[in-house]
Amino acid sequence: MATNDDCIFCKIANHVIESNYVYEDELVCAFRDMSPLAPTHVLVVPKDHYESFADDVPAEVTAALFHAAREVAKAEGLIESGFRVVTNAGPDAGQAVSHLHLHVLGGRRLTDDFA
Ligand code: 5GP
Ligand code: ZN
């Protein structure tokens, strides 16, 4: 598995372009969404390129993504108040960036819609 030269999240995840990081480990990293929909809106992405959650993502990468989402929630102080983890896959979900990412949202009362 590798990165995609044309992919913005590959560049951010591998520090080719720097971003506002809040968590990082060997397999994944997390950074703040550039258009936040909530007081906390963080994206968790694998360092390798996968199109979406519908891709054949190795179990260890899936685990690392969810582990990171919880670490972000802890670091952002969201464990008591609550938070949401969302991933969009494909056109009907409105996926805009074709590199697998989890949205971690919190810090306000979230509606039943996407955020
Ligand atoms: P999607 O609709 O694909 O699930 O969500 C893509 C998200 O990525 C959007 O919330 C959008 O604001 C965010 N985003 C797109 N490009 C960038 C970028 O270059 N930097 C950051 N930090 N967020 C981005
Ligand atoms: Zn990518």
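Quick note: the coordinates plus some simple rules give every number you see, no bench work behind them. Model, not experiment: these values are computed from the prediction. So basically every Cβ, Gly included, is an ideal-geometry build from the backbone, and we count neighbours across all protein chains shown.
Please work out how much length the chain gains when fully extended from Arg84 to Ala54, using 0.36 nm per residue of separation minus the C-alpha to C-alpha distance, in nm with one decimal.
Details: separation 30, 0.36 × 30 = 10.80 nm, distance 1.96 nm.
Additional length available on full extension: 8.8 nm.
Taking only Cα atoms, what is the 0 to 90° angle, nearest 10, from helix 59-75's long axis to the longest principal axis of the chain?
Approximately 40 degrees, to the nearest 10.
How are the C-alpha pair distances of the chain spread across 10 Å bins, as whole percents from the shortest bin up?
For the chain, the binned pair fractions read 15, 49, 32, 4 percent.
Add -39500 (n - 2.57) for each DSSP H run of 4 or more in the chain, then divide by its residues: what number comes out at 222 nm, to the nearest 500 deg cm²/dmol? Walk me through the numbers before you get to the answer.
Numbers: 2 runs with 23 residues, N = 115.
Estimated from H runs of four or more residues: -6000 deg cm²/dmol.
Any cysteines in the chain with zero other Cys Cβ atoms under 4.7 Å from their Cβ? List them, or say none.
Cys29
Pull out the extension gain between Ser35 and Ala96, defined as 0.36 nm times the separation in residues minus the alpha carbon to alpha carbon distance; nm, one decimal.
So the chain would gain 20.7 nm between Ser35 and Ala96.
FRET efficiency for Ala2 and Arg108, Cβ-Cβ distance as r, R0 = 30 Å, nearest 0.05?
Once rounded, the FRET efficiency stands at 0.20.
What's the magnitude of the charge dipole for the chain around its Cα centre, counting Lys and Arg as +1 and Asp and Glu as -1 at the beta-carbon? Answer in Debye, nearest 20.
Result for the chain is approximately 480 debye, rounded to the nearest 20.
Could you point to the residue in Ala93, Ile12, Ala69 farthest towards the positive end of the chain's charge dipole, with +1 and -1 charges on the Cβ of Lys/Arg and Asp/Glu respectively?
Highest projection toward the positive end goes to Ala69.
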